[in-house]
Amino acid sequence: MSENGEEKLLAVARHIAKTLGHNNTMSDDIFQILSNFDGRLSRENLSEKGADTDSRSCAALDHSLKSLDRRISHYVSSDRPIWADAADAAAFLDAVDELVAAVAEWNHLASDKSVAACLVRAEDMLQHAMFRLEDEFRSLMERGGESFGLTRSYRNGESTDNLPFESEEDDDEEEARNGGGGGEDEEQIPVALPVTDFDIVIDALPSGTINDLHEIAKRMVAGGFGKECSHVYSSCRREFLEESVSRLGLQKLSIEEVHKMTWQDLEDEIEKWIKASNVALKILFPSERRLCDRVFFGFASAADFSFMEVCRGSAIQLLNFADAVAIGSRSPERLFRILDVFETLRDLIPEFEALFCDQFSVSLRNEAITIWKRLGEAIRGIFMELENLIRRDPAKTAVPGGGLHPITRYVMNYLRAACRSRQSLEQVFEDYGLKDYPKLDDRVSASSSLSVQMDWIMELLESNLEAKSKIYKDPALCYVFLMNNGRYIVQKTKDSELGTLLGDDWIRKHAAKVRQFHVQYQRNSWSKILGILKVESNGSLPPSGMAKSMKEKLKSFNAVFEEICREQTSWFVFDEQLREEIRISLEKILLPPYVNFIGRFQSYTEISKHADKYIKYGPEEIQARLNDLFQGSSGSAGSRKGR
């Protein structure tokens, strides 16, 4: 061991003896123990007579500190950046390392007044050195970002141009095409470009700069200035990140501002949010995580803390917007955009879990999951509002001609469109669980939550339509109305996700109900006229009496048939196939008895010569009049829209 090293050893042993020896006897015992441990630690060497060794040790420390002070002060007081010259940077770091080592080496002797005085000077020098390192760190961050630009990125280790921002070269090309732009002092604002490939990591700083930052961070952490280093780092990177998010078109909006926006403006903002969220969580945040890990390599806590400080503001901005959407209006028309937000956030939860998993940022992950669930609650709330809308739709004014009711068209198109997001809706309703559904208890146990929800809404719609059908005074028109709306419901259900949810049995059952409405319509509209065509063949009347009776029946048939056709020509059946089915069925029930009646009517000699005088309609004319039924009138034009 060198002479200086031996002096330090003796100084340490002497300090231990002084600290632990509360009286002379204890001190003697400690001296004896140390002497037995190492011959150099004899009573003579450790006695007060060796105090001059302490002064020599302190003198050595003082000499070392003066040398370090000259070297460090040279750089601390310099006006030019230290890292402008690699040799200066290395020399400054070496001096800082020596100072940190000296403080650590002598710190345990701080109770000695002379050593304590030296350590105070050393701490003061260290503080000034750390302040300068902080300035150099900030300067490197700022200069590195400016020189590297925003367009450098890597995919699997290779450079790529697929970034969400235009480069300066792109701006120059655009300016050239536009004839020079608006002047030299006009600030060039990068424009967000569409991103289709998220397998990108942005390196916003050159590799050499990152290495320099790492070396500075290592010294600042060793010197007890880790938090200050993290603060400088995060303030610089946070500004870059927030600017990047801003360039994606996303505004900083409070929850109140979101709620005051018109629906059209909010739709546009949601579209921007979706794009910005994907770019932030899949490109920007992972890039910042990678940069933090490189700058603070070996200091996991500092890296985690810095990353949280960098990304927290932008992450909260994204989450606050989603939260504002979740707690906003639950009007049914908002469902589809809220589903977009729900699905986007759901798909980004793995990114939140991977990025924000440490002690500093785990709250952001938890908040993302909470808001995602809140969006699910909003979606369920929208379906409850749809139920209320159906219940509250008044049964006051009848649709002209028994046509398709607007509520039917609205609800069926709404549900059909909503079920295109079946997977998301099933997730929402499965998480929520089943509620009590009157009239559906026998179907609930065997169905998914979403299937039951759809079944319940259809039940409400059918009840509403039945109430509306009672507005019609003519029972036949009442069944035409039910037939129209029932047919539309079945059509919209078939070959769709809605039909898959409701099931084939449900579709068959409701198709059968439409056929029942058809039968009821015939019974209420045509039973009277069919009764007229019945001829009683009892022998109680002579031929002349039968002829007279048949004349009266034919007159009644002509009048009733004319009245039915006149009235039902203004009625409306929106579906051509259904209209054809009704026409064919009417021909089948009406033409055979009518032809039979006319044949018997003409068989009577009293009538045969003048039969044409009484027969107003031939079979072809009956068919023609039936073909004119259910064409609707100008009053039911709105009901013609069957889409």
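Listed values, structure above:
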| read-out | value |
| --- | --- |
| Cβ-placed point charges (K, R +1; D, E -1), dipole of the stretch 551-605 about Cα centre in debye, nearest 20 | 420 |
| Out-of-range pairs (alpha-carbon distance over 31 Å; input Lys260/Lys494; Lys252/Lys492; Lys473/Lys588) | Lys260/Lys494; Lys252/Lys492 |
| Accessible heavy-atom area order of Arg71, Arg625, highest first, probe of 1.4 Å | Arg71, Arg625 |
| Which of Asp62, Asp505 is most accessible, then next, and so on - probe 1.4 Å | Asp505, Asp62 |
| Highest to lowest packing among 488-498, 277-287, scored as the average C-beta count within 10 Å | 277-287, 488-498 |
| Accessible-area value, Val295, 1.4 Å probe, nucleic acids and ligands omitted, Å² | 0 |
| For peptides 355-363, 134-142, sequence by mean Cβ density within 10 Å, most packed first | 134-142, 355-363 |
| Simple Cβ-charge dipole of the stretch 342-393, Lys/Arg +1 and Asp/Glu -1, about Cα centre, in debye nearest 20 | 220 |
| Solvent-accessible area of Glu351 with every protein chain in place, 1.4 Å probe, in Å² to the nearest 10 | 50 |
| Area of Trp571 that stays accessible when all protein chains are in place (1.4 Å probe, Å², to 10) | 10 |
| Where Val100, Val428 fall by accessible area, highest first, once all protein chains stay in place (1.4 Å) | Val100, Val428 |
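The values are calculated or read from the model by the stated rules, or taken from the named source; none is laboratory data. Computed from a prediction, not measured in an experiment: that's the story for all the values here. Don't worry about glycine lacking a Cβ; one is built from the backbone with ideal geometry, like all the others, and counts go over all protein chains shown. Side chains are part of the model used for accessible areas, which takes the heavy atoms of the whole protein and leaves out ligands, DNA and RNA. Shrake-Rupley method; radii C 1.70, N 1.55, O 1.52, S 1.80 Å.
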